[in-house]
Amino acid sequence: MASYFDELHVDEDEVPTVRVERLTRETFRMLFDHDPIRYGDMVNYQSSPPASKSEIEKLITPLFDELLGEQCRICLCQYQVNDKALTMPCKHIFHEDCLKTWLEKSNFCPLCKFELKTDNKMYELYKEELKKRQARENNIAQLHDLMFS
């Protein structure tokens, strides 16, 4: 099995700053042109960053009528009269403390995986690249269907 440096064609005499820049480019290329056969399924196992503070502040408080007879899907406790709750953009409702604790660790709804924006620029760039890649694949599929149907 070849070493990491052999696979990336690292030259021992290469200037360190040039080497770091080239390896960084190679790493980004590996992530953005993700090929599970070549690199393994690392993208699906990437942990999501916490939700943006500004996104958390935008969450609205539901009316008490919406809470009657319901329970928080994170702690599984019934809502009480003075409980504070928050509504996600996907309309799922949770206790304020439960949801804020959750969103400090991840940027998605615990029920439906609706994603909130993050403060992590690299993660947001990664999501944009995935959207562009999906759009390209859809365009290619449509073109193929038009040509061969």
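The values are calculated or read from the model by the stated rules, or taken from the named source; none is laboratory data. The model shown is predicted, which means the values in this text are computed figures rather than measured ones. Reconstructed Cβ throughout: ideal geometry from the backbone, glycine too, with neighbour counts over all protein chains shown. Areas reflect the complete protein model, heavy atoms only, side chains present, ligands, DNA and RNA absent. Shrake-Rupley method; radii C 1.70, N 1.55, O 1.52, S 1.80 Å.
Sorted from longest to shortest, the spans of the Cα atoms of region 47-129 along the three principal axes equal 43, 20, 18 Å. Averaged over its residues, region 47-129 has an accessible area of 64 Å² per residue, based on protein heavy atoms and a 1.4 Å probe.
Backbone amide hydrogens, once placed in the peptide plane, bring Thr118 within less than 5 Å of Ser52, excluding anything fewer than 5 places away on its chain.
Checking every one of the GluC sites (Glu not before Pro) in region 47-149 against DSSP loop status and a limit of 16 other Cβ atoms within 10 Å picks out Glu70, Glu104. Among the trypsin sites (Lys or Arg not before Pro) found in region 102-133, those both in a DSSP coil and sparsely packed, with 13 or fewer other Cβ atoms within 10 Å of their Cβ, are Lys105, Lys113.
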